[in-house]
Amino acid sequence: MAERPENRVFGKREQQHIIILASGDKIRHMTVRPWMTAVALCFAGMFTVGYLAATSYLVLRDGLIGATMARQARMQHDYEDRISALRAQVDRVTSRQLLDQQVVEDKVEKLLQQQLALTERNGKLDTLLSRAGSAGVSDTSLEEPSAEAESLAYGRRADAAPALKAIDNLLGRETAETARKASAAPLAYAAPGESVADRTDRMFSSVTLSLKDAEREQMARIRALTDGAAEMADAIQSIVSHTGIDLQSQLAADDASAIGGPFVEPQTGDAFVSSLGELDIALNRLDAVRNTARKLPFATPVPRGDITSRFGNRTDPFLGRLALHAGIDFRLPTGSEVRATGAGTVLSAGRSGGYGNLVEIDHGDGLVTRYAHLSRILTKVGETVESGDPVGLSGSTGRSTGPHLHYEVRRDGRASDPARFIAAGTKLSAYMN
(Lines give C-alpha, C1' and ligand atoms only; values in the text may rest on other atoms or scores of the structure.)
Protein backbone atom coordinates (compact mmCIF):
# COMPACT_ATOMS: atom_id res chain seq x y z
CA MET A 1 0.00 0.00 0.00
CA ALA A 2 1.49 3.29 -1.09
CA GLU A 3 2.08 5.86 1.48
CA ARG A 4 0.38 9.25 1.21
CA PRO A 5 2.69 12.08 0.30
CA GLU A 6 3.54 14.25 3.23
CA ASN A 7 2.99 17.95 3.19
CA ARG A 8 6.22 19.72 2.90
CA VAL A 9 7.14 23.37 2.73
CA PHE A 10 10.49 24.15 1.21
CA GLY A 11 11.60 20.66 1.88
CA LYS A 12 10.27 20.73 5.38
CA ARG A 13 7.31 18.80 6.58
CA GLU A 14 4.40 21.11 7.30
CA GLN A 15 2.88 20.70 10.66
CA GLN A 16 -0.89 20.21 10.56
CA HIS A 17 -3.05 21.99 13.02
CA ILE A 18 -5.41 19.86 15.00
CA ILE A 19 -8.31 21.19 16.96
CA ILE A 20 -9.30 18.98 19.89
CA LEU A 21 -12.75 19.21 21.37
CA ALA A 22 -13.42 17.44 24.65
CA SER A 23 -16.87 17.01 26.10
CA GLY A 24 -16.99 14.76 29.10
CA ASP A 25 -15.61 11.39 28.17
CA LYS A 26 -15.79 12.18 24.55
CA ILE A 27 -12.90 13.72 22.82
CA ARG A 28 -12.98 14.87 19.27
CA HIS A 29 -10.34 16.34 17.13
CA MET A 30 -10.41 18.01 13.82
CA THR A 31 -7.56 18.63 11.55
CA VAL A 32 -7.46 22.12 10.07
CA ARG A 33 -6.99 21.83 6.39
CA PRO A 34 -5.65 24.63 4.16
CA TRP A 35 -8.90 25.02 2.33
CA MET A 36 -10.65 25.48 5.60
CA THR A 37 -8.26 28.29 6.40
CA ALA A 38 -8.93 29.84 3.04
CA VAL A 39 -12.66 29.64 3.61
CA ALA A 40 -12.29 31.20 7.06
CA LEU A 41 -10.19 33.97 5.63
CA CYS A 42 -12.79 34.60 2.93
CA PHE A 43 -15.53 34.83 5.52
CA ALA A 44 -13.40 37.14 7.64
CA GLY A 45 -12.65 39.32 4.63
CA MET A 46 -16.32 39.46 3.70
CA PHE A 47 -17.26 40.33 7.25
CA THR A 48 -14.63 43.04 7.35
CA VAL A 49 -15.83 44.50 4.06
CA GLY A 50 -19.44 44.37 5.26
CA TYR A 51 -18.49 45.94 8.54
CA LEU A 52 -16.60 48.72 6.83
CA ALA A 53 -19.49 49.28 4.40
CA ALA A 54 -22.03 49.41 7.21
CA THR A 55 -19.80 51.73 9.21
CA SER A 56 -19.39 54.00 6.16
CA TYR A 57 -23.12 53.99 5.62
CA LEU A 58 -23.77 54.86 9.26
CA VAL A 59 -21.19 57.61 9.08
CA LEU A 60 -22.50 59.12 5.82
CA ARG A 61 -26.16 58.57 6.60
CA ASP A 62 -26.44 61.74 8.74
CA GLY A 63 -25.35 63.87 5.79
CA LEU A 64 -27.90 62.21 3.49
CA ILE A 65 -30.63 62.58 6.05
CA GLY A 66 -29.69 66.23 6.58
CA ALA A 67 -29.73 66.88 2.85
CA THR A 68 -33.10 65.17 2.54
CA MET A 69 -34.50 67.14 5.46
CA ALA A 70 -33.07 70.37 4.02
CA ARG A 71 -34.68 69.61 0.65
CA GLN A 72 -37.99 68.91 2.34
CA ALA A 73 -37.67 72.13 4.34
CA ARG A 74 -37.01 74.05 1.14
CA MET A 75 -40.02 72.46 -0.51
CA GLN A 76 -42.16 73.29 2.51
CA HIS A 77 -40.97 76.88 2.43
CA ASP A 78 -41.71 77.09 -1.28
CA TYR A 79 -45.22 75.77 -0.73
CA GLU A 80 -45.73 78.19 2.14
CA ASP A 81 -44.52 81.05 -0.03
CA ARG A 82 -46.90 80.03 -2.80
CA ILE A 83 -49.75 79.73 -0.34
CA SER A 84 -48.92 83.18 1.06
CA ALA A 85 -48.81 84.62 -2.45
CA LEU A 86 -52.16 83.01 -3.28
CA ARG A 87 -53.64 84.36 -0.05
CA ALA A 88 -52.29 87.81 -0.81
CA GLN A 89 -53.73 87.59 -4.32
CA VAL A 90 -57.10 86.52 -2.92
CA ASP A 91 -56.95 89.40 -0.45
CA ARG A 92 -56.14 91.82 -3.27
CA VAL A 93 -59.00 90.49 -5.38
CA THR A 94 -61.36 90.71 -2.42
CA SER A 95 -60.15 94.20 -1.57
CA ARG A 96 -60.50 95.23 -5.22
CA GLN A 97 -64.02 93.87 -5.32
CA LEU A 98 -64.90 95.74 -2.15
CA LEU A 99 -63.25 98.85 -3.53
CA ASP A 100 -65.08 98.45 -6.84
CA GLN A 101 -68.32 97.95 -4.95
CA GLN A 102 -67.70 101.09 -2.91
CA VAL A 103 -66.79 103.04 -6.03
CA VAL A 104 -69.90 101.81 -7.83
CA GLU A 105 -72.09 102.63 -4.84
CA ASP A 106 -70.54 106.09 -4.65
CA LYS A 107 -71.18 106.60 -8.36
CA VAL A 108 -74.75 105.40 -8.00
CA GLU A 109 -75.29 107.81 -5.11
CA LYS A 110 -73.74 110.60 -7.14
CA LEU A 111 -75.98 109.82 -10.10
CA LEU A 112 -79.02 109.70 -7.84
CA GLN A 113 -78.03 113.06 -6.39
CA GLN A 114 -77.63 114.49 -9.89
CA GLN A 115 -80.98 113.10 -10.92
CA LEU A 116 -82.57 114.46 -7.74
CA ALA A 117 -80.99 117.84 -8.45
CA LEU A 118 -82.44 117.77 -11.97
CA THR A 119 -85.82 116.81 -10.56
CA GLU A 120 -85.67 119.65 -8.05
CA ARG A 121 -84.57 121.99 -10.80
CA ASN A 122 -87.48 120.79 -12.91
CA GLY A 123 -89.82 121.51 -10.00
CA LYS A 124 -88.48 125.05 -9.84
CA LEU A 125 -88.64 125.32 -13.60
CA ASP A 126 -92.23 124.07 -13.84
CA THR A 127 -93.60 127.23 -12.24
CA LEU A 128 -91.66 129.46 -14.61
CA LEU A 129 -92.60 127.26 -17.57
CA SER A 130 -96.27 127.60 -16.61
CA ARG A 131 -95.84 131.35 -16.35
CA ALA A 132 -94.05 131.44 -19.68
CA GLY A 133 -96.78 129.34 -21.28
CA SER A 134 -99.46 131.59 -19.84
CA ALA A 135 -97.53 134.60 -21.11
CA GLY A 136 -97.36 133.08 -24.59
CA VAL A 137 -93.58 132.63 -24.51
CA SER A 138 -92.47 129.34 -26.03
CA ASP A 139 -89.19 127.58 -26.80
CA THR A 140 -90.21 126.06 -30.10
CA SER A 141 -86.68 126.51 -31.38
CA LEU A 142 -85.54 123.73 -29.10
CA GLU A 143 -85.69 120.12 -30.11
CA GLU A 144 -87.66 117.72 -28.01
CA PRO A 145 -85.42 116.09 -25.37
CA SER A 146 -84.53 112.47 -25.84
CA ALA A 147 -86.57 109.84 -24.05
CA GLU A 148 -83.62 108.85 -21.88
CA ALA A 149 -82.83 112.41 -20.91
CA GLU A 150 -86.52 113.10 -20.39
CA SER A 151 -86.83 110.22 -17.94
CA LEU A 152 -83.67 111.22 -16.11
CA ALA A 153 -84.33 114.94 -16.03
CA TYR A 154 -88.05 115.10 -15.43
CA GLY A 155 -88.86 111.83 -13.72
CA ARG A 156 -89.20 111.23 -10.03
CA ARG A 157 -86.23 110.22 -7.94
CA ALA A 158 -85.41 106.61 -8.72
CA ASP A 159 -85.47 104.02 -6.00
CA ALA A 160 -82.06 102.83 -4.86
CA ALA A 161 -82.98 99.14 -5.09
CA PRO A 162 -82.56 98.86 -8.90
CA ALA A 163 -79.24 100.69 -8.64
CA LEU A 164 -77.98 98.35 -5.93
CA LYS A 165 -79.16 95.38 -7.97
CA ALA A 166 -77.19 96.76 -10.89
CA ILE A 167 -74.16 96.94 -8.63
CA ASP A 168 -74.60 93.30 -7.70
CA ASN A 169 -74.87 92.40 -11.36
CA LEU A 170 -71.72 94.34 -12.17
CA LEU A 171 -69.78 92.62 -9.40
CA GLY A 172 -70.97 89.20 -10.51
CA ARG A 173 -73.27 88.52 -7.56
CA GLU A 174 -76.38 87.88 -9.56
CA THR A 175 -78.74 84.95 -9.73
CA ALA A 176 -79.31 82.95 -12.86
CA GLU A 177 -82.39 84.99 -13.73
CA THR A 178 -80.71 88.35 -13.17
CA ALA A 179 -77.65 87.15 -15.05
CA ARG A 180 -79.83 86.19 -18.00
CA LYS A 181 -81.50 89.59 -17.96
CA ALA A 182 -78.17 91.35 -17.52
CA SER A 183 -76.69 89.51 -20.47
CA ALA A 184 -79.50 90.86 -22.65
CA ALA A 185 -79.07 94.45 -21.51
CA PRO A 186 -76.73 96.66 -23.57
CA LEU A 187 -75.07 98.22 -20.55
CA ALA A 188 -74.53 94.88 -18.85
CA TYR A 189 -72.63 93.50 -21.81
CA ALA A 190 -68.88 93.41 -21.36
CA ALA A 191 -66.61 93.22 -24.35
CA PRO A 192 -63.88 90.58 -24.42
CA GLY A 193 -61.09 91.58 -22.08
CA GLU A 194 -63.24 94.23 -20.40
CA SER A 195 -63.11 94.23 -16.62
CA VAL A 196 -65.95 94.90 -14.26
CA ALA A 197 -64.50 98.32 -13.47
CA ASP A 198 -64.30 99.17 -17.17
CA ARG A 199 -67.85 98.03 -17.72
CA THR A 200 -68.98 100.06 -14.70
CA ASP A 201 -67.16 103.16 -15.93
CA ARG A 202 -68.71 102.73 -19.37
CA MET A 203 -72.20 102.40 -17.96
CA PHE A 204 -71.90 105.35 -15.61
CA SER A 205 -70.26 107.46 -18.29
CA SER A 206 -73.27 106.84 -20.51
CA VAL A 207 -75.72 107.73 -17.74
CA THR A 208 -73.69 110.79 -16.73
CA LEU A 209 -73.66 112.00 -20.34
CA SER A 210 -77.43 111.57 -20.46
CA LEU A 211 -77.80 113.62 -17.28
CA LYS A 212 -75.47 116.28 -18.66
CA ASP A 213 -77.49 116.38 -21.90
CA ALA A 214 -80.69 116.80 -19.88
CA GLU A 215 -79.09 119.61 -17.88
CA ARG A 216 -77.89 121.34 -21.06
CA GLU A 217 -81.37 121.03 -22.56
CA GLN A 218 -82.85 122.60 -19.44
CA MET A 219 -80.37 125.47 -19.62
CA ALA A 220 -81.01 125.96 -23.35
CA ARG A 221 -84.75 125.94 -22.71
CA ILE A 222 -84.40 128.54 -19.97
CA ARG A 223 -82.22 130.75 -22.18
CA ALA A 224 -84.70 130.46 -25.06
CA LEU A 225 -87.61 131.40 -22.79
CA THR A 226 -85.65 134.29 -21.30
CA ASP A 227 -84.75 135.62 -24.75
CA GLY A 228 -88.33 135.17 -25.93
CA ALA A 229 -89.76 137.06 -22.95
CA ALA A 230 -87.22 139.86 -23.37
CA GLU A 231 -87.94 140.13 -27.09
CA MET A 232 -91.69 140.32 -26.49
CA ALA A 233 -91.23 142.99 -23.81
CA ASP A 234 -88.95 144.98 -26.12
CA ALA A 235 -91.43 144.66 -28.97
CA ILE A 236 -94.30 145.92 -26.78
CA GLN A 237 -92.19 148.85 -25.59
CA SER A 238 -91.18 149.68 -29.14
CA ILE A 239 -94.79 149.64 -30.34
CA VAL A 240 -95.98 151.77 -27.45
CA SER A 241 -93.11 154.22 -27.93
CA HIS A 242 -94.55 155.18 -31.33
CA THR A 243 -97.50 156.70 -29.49
CA GLY A 244 -95.15 158.92 -27.49
CA ILE A 245 -95.49 156.96 -24.26
CA ASP A 246 -92.30 155.79 -22.55
CA LEU A 247 -93.16 152.53 -20.79
CA GLN A 248 -89.65 152.18 -19.39
CA SER A 249 -89.96 155.32 -17.30
CA GLN A 250 -93.38 154.25 -16.06
CA LEU A 251 -92.06 150.81 -15.12
CA ALA A 252 -89.10 152.37 -13.34
CA ALA A 253 -91.43 154.63 -11.39
CA ASP A 254 -93.65 151.70 -10.46
CA ASP A 255 -90.67 149.54 -9.45
CA ALA A 256 -89.23 152.29 -7.27
CA SER A 257 -92.38 152.64 -5.21
CA ALA A 258 -93.02 150.84 -1.91
CA ILE A 259 -89.70 148.98 -1.78
CA GLY A 260 -86.73 149.13 0.59
CA GLY A 261 -84.65 147.27 3.16
CA PRO A 262 -81.03 147.04 4.32
CA PHE A 263 -78.31 146.32 1.78
CA VAL A 264 -77.19 142.70 1.74
CA GLU A 265 -74.60 141.22 -0.61
CA PRO A 266 -76.22 139.19 -3.42
CA GLN A 267 -76.36 135.42 -3.10
CA THR A 268 -73.96 133.39 -5.19
CA GLY A 269 -75.41 130.37 -6.95
CA ASP A 270 -74.74 128.12 -9.88
CA ALA A 271 -75.51 128.93 -13.48
CA PHE A 272 -78.87 127.19 -13.33
CA VAL A 273 -80.08 129.30 -10.39
CA SER A 274 -78.80 132.44 -12.09
CA SER A 275 -80.57 131.53 -15.33
CA LEU A 276 -83.80 130.90 -13.40
CA GLY A 277 -83.44 134.34 -11.83
CA GLU A 278 -82.93 135.90 -15.25
CA LEU A 279 -86.00 134.12 -16.62
CA ASP A 280 -88.06 135.24 -13.63
CA ILE A 281 -86.91 138.85 -14.15
CA ALA A 282 -87.71 138.66 -17.87
CA LEU A 283 -91.19 137.27 -17.18
CA ASN A 284 -91.82 139.89 -14.49
CA ARG A 285 -90.79 142.61 -16.92
CA LEU A 286 -93.03 141.15 -19.62
CA ASP A 287 -95.97 141.01 -17.20
CA ALA A 288 -95.33 144.58 -16.08
CA VAL A 289 -95.10 145.85 -19.65
CA ARG A 290 -98.28 144.06 -20.60
CA ASN A 291 -100.17 145.23 -17.51
CA THR A 292 -99.10 148.80 -18.21
CA ALA A 293 -100.03 148.48 -21.88
CA ARG A 294 -103.46 147.08 -20.98
CA LYS A 295 -104.24 150.22 -19.01
CA LEU A 296 -103.55 152.38 -22.04
CA PRO A 297 -106.28 153.14 -24.62
CA PHE A 298 -105.08 150.95 -27.47
CA ALA A 299 -108.38 149.33 -28.38
CA THR A 300 -110.87 150.60 -30.95
CA PRO A 301 -113.97 152.27 -29.51
CA VAL A 302 -116.34 150.65 -32.03
CA PRO A 303 -116.21 147.14 -33.49
CA ARG A 304 -116.67 148.47 -37.00
CA GLY A 305 -117.36 151.81 -38.55
CA ASP A 306 -116.09 153.95 -41.39
CA ILE A 307 -113.73 156.79 -40.53
CA THR A 308 -115.21 160.00 -41.90
CA SER A 309 -112.67 162.45 -40.50
CA ARG A 310 -109.14 161.93 -39.19
CA PHE A 311 -107.00 163.79 -36.69
CA GLY A 312 -105.47 167.07 -37.83
CA ASN A 313 -106.40 170.32 -39.54
CA ARG A 314 -109.55 170.25 -41.70
CA THR A 315 -112.28 172.54 -42.97
CA ASP A 316 -114.80 173.11 -40.25
CA PRO A 317 -118.21 171.74 -41.46
CA PHE A 318 -120.11 174.60 -39.82
CA LEU A 319 -117.80 177.61 -40.33
CA GLY A 320 -116.16 176.53 -43.57
CA ARG A 321 -112.67 177.52 -42.48
CA LEU A 322 -109.57 175.65 -41.37
CA ALA A 323 -109.72 174.21 -37.89
CA LEU A 324 -108.03 171.49 -35.83
CA HIS A 325 -109.95 168.25 -35.58
CA ALA A 326 -108.72 166.84 -32.24
CA GLY A 327 -109.94 163.26 -32.79
CA ILE A 328 -111.36 160.72 -35.20
CA ASP A 329 -114.97 160.49 -36.40
CA PHE A 330 -116.55 157.07 -36.93
CA ARG A 331 -119.81 156.91 -38.92
CA LEU A 332 -122.25 154.75 -36.95
CA PRO A 333 -126.00 154.20 -36.88
CA THR A 334 -127.68 155.80 -33.93
CA GLY A 335 -127.69 153.47 -30.93
CA SER A 336 -124.49 151.60 -31.81
CA GLU A 337 -122.51 150.48 -28.76
CA VAL A 338 -119.41 152.50 -27.87
CA ARG A 339 -116.74 150.79 -25.78
CA ALA A 340 -113.89 152.00 -23.58
CA THR A 341 -110.55 151.67 -25.30
CA GLY A 342 -108.68 151.06 -22.06
CA ALA A 343 -109.05 150.59 -18.33
CA GLY A 344 -109.61 153.69 -16.26
CA THR A 345 -111.91 155.82 -14.16
CA VAL A 346 -114.79 157.88 -15.52
CA LEU A 347 -114.05 161.60 -15.04
CA SER A 348 -117.23 162.99 -16.56
CA ALA A 349 -120.44 161.59 -18.00
CA GLY A 350 -122.95 164.16 -19.25
CA ARG A 351 -123.66 167.11 -21.52
CA SER A 352 -120.57 169.12 -22.51
CA GLY A 353 -121.10 171.95 -25.05
CA GLY A 354 -120.23 171.07 -28.62
CA TYR A 355 -119.35 167.47 -27.57
CA GLY A 356 -122.99 166.82 -26.76
CA ASN A 357 -123.28 163.84 -24.48
CA LEU A 358 -119.68 163.15 -23.46
CA VAL A 359 -117.91 160.41 -21.50
CA GLU A 360 -114.38 161.17 -20.36
CA ILE A 361 -112.13 158.40 -18.95
CA ASP A 362 -108.85 158.88 -17.08
CA HIS A 363 -106.29 156.12 -17.83
CA GLY A 364 -103.56 157.45 -15.57
CA ASP A 365 -100.24 159.20 -16.26
CA GLY A 366 -102.12 162.18 -17.75
CA LEU A 367 -103.80 160.07 -20.45
CA VAL A 368 -107.54 160.74 -21.07
CA THR A 369 -109.98 159.54 -23.75
CA ARG A 370 -113.22 161.25 -24.82
CA TYR A 371 -116.34 159.74 -26.42
CA ALA A 372 -118.64 162.47 -27.80
CA HIS A 373 -122.03 162.93 -29.54
CA LEU A 374 -123.52 159.97 -27.66
CA SER A 375 -127.25 159.43 -27.77
CA ARG A 376 -127.15 157.71 -24.39
CA ILE A 377 -124.59 157.42 -21.59
CA LEU A 378 -124.18 153.99 -19.95
CA THR A 379 -121.73 154.88 -17.15
CA LYS A 380 -121.37 157.39 -14.36
CA VAL A 381 -118.67 159.55 -12.81
CA GLY A 382 -116.20 157.69 -10.59
CA GLU A 383 -116.99 154.30 -12.05
CA THR A 384 -114.06 152.05 -12.93
CA VAL A 385 -114.20 150.55 -16.40
CA GLU A 386 -112.12 147.97 -18.21
CA SER A 387 -111.12 147.87 -21.82
CA GLY A 388 -114.13 146.83 -23.90
CA ASP A 389 -116.77 147.87 -21.37
CA PRO A 390 -119.70 149.76 -22.97
CA VAL A 391 -119.79 153.45 -22.00
CA GLY A 392 -122.60 154.72 -24.23
CA LEU A 393 -124.56 154.55 -27.49
CA SER A 394 -123.66 156.52 -30.60
CA GLY A 395 -125.77 159.46 -31.72
CA SER A 396 -125.64 163.01 -33.08
CA THR A 397 -125.86 165.24 -30.01
CA GLY A 398 -123.93 168.49 -29.77
CA ARG A 399 -122.09 170.02 -32.71
CA SER A 400 -122.67 167.22 -35.18
CA THR A 401 -123.83 166.85 -38.77
CA GLY A 402 -125.06 163.27 -38.37
CA PRO A 403 -124.91 160.15 -36.21
CA HIS A 404 -121.28 159.31 -35.51
CA LEU A 405 -118.72 158.92 -32.70
CA HIS A 406 -116.13 161.57 -32.06
CA TYR A 407 -113.17 159.86 -30.30
CA GLU A 408 -110.25 161.76 -28.75
CA VAL A 409 -107.04 160.84 -26.93
CA ARG A 410 -105.44 163.55 -24.81
CA ARG A 411 -102.15 163.42 -22.97
CA ASP A 412 -101.48 166.03 -20.33
CA GLY A 413 -104.35 168.05 -21.82
CA ARG A 414 -102.97 168.03 -25.36
CA ALA A 415 -104.71 166.16 -28.16
CA SER A 416 -102.88 163.18 -29.68
CA ASP A 417 -103.70 161.30 -32.84
CA PRO A 418 -105.94 158.36 -31.82
CA ALA A 419 -104.93 156.50 -34.99
CA ARG A 420 -101.48 155.89 -33.49
CA PHE A 421 -103.01 154.26 -30.43
CA ILE A 422 -105.40 152.16 -32.50
CA ALA A 423 -102.57 151.06 -34.82
CA ALA A 424 -100.39 150.26 -31.80
CA GLY A 425 -103.24 148.20 -30.34
CA THR A 426 -103.54 146.23 -33.56
CA LYS A 427 -99.83 145.42 -33.45
CA LEU A 428 -99.93 144.67 -29.72
CA SER A 429 -102.68 142.09 -30.20
CA ALA A 430 -100.00 139.63 -31.28
CA TYR A 431 -98.12 140.11 -27.99
CA MET A 432 -101.00 140.41 -25.54
CA ASN A 433 -102.40 137.17 -24.14
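The values are calculated or read from the model by the stated rules, or taken from the named source; none is laboratory data. None of these values were measured; they are calculated from a predicted model. A quick note on method: Cβ atoms are made from the backbone with ideal geometry, for glycine too, and the neighbour counts reach across all protein chains shown. Heads up: the accessible areas ignore ligands, DNA and RNA and are worked out on the full protein's heavy atoms, side chains in. Shrake-Rupley method; radii C 1.70, N 1.55, O 1.52, S 1.80 Å.
Per-structure values
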item: Given charges at Cβ of Lys, Arg, Asp, Glu: the stretch 310-433 dipole, positive-most of Gly395, Gly382, Thr341; result: Gly395
item: R0 of 56 Å, Cβ-Cβ distance Ala323-Leu99: FRET efficiency to nearest 0.05; result: 0.05
item: Chain lengthening between Ile20 and Ala40 when straightened (0.36 nm per residue, less Cα-Cα); result: 5.4 nm
item: The stretch 62-125-the stretch 314-371 distance, computed between alpha-carbon centres (Å); result: 93 Å
item: Förster-model FRET efficiency, 35 Å R0, Ala88 and Ala67, C-beta, rounded to 0.05; result: 0.65
item: FRET efficiency, Ser352 to Ser138 (Cβ-Cβ, R0 35 Å, nearest 0.05); result: 0.15
item: List Phe311, Phe318, Phe272, ordered by accessible area with a 1.4 Å probe, largest first; result: Phe318, Phe311, Phe272
item: Cα-derived Rg over Rh, computed across the stretch 349-428 with Rh taken as Kirkwood radius; result: 0.96
item: Cα-based shape type of the stretch 394-433, given that a ≥ b ≥ c are square roots of the gyration tensor eigenvalues and the cut on a/c is 1.5; result: oblate
item: Average accessible area per residue (Å²) across the stretch 270-403 - probe 1.4 Å, nucleic acids and ligands excluded; result: 47 Å²
item: Net length gained if the chain between Arg420 and Arg74 were fully extended (0.36 nm per residue, minus Cα distance); result: 113.6 nm
item: Solvent accessible area, Å² - Tyr79, 1.4 Å probe, full protein context; result: 130 Å²
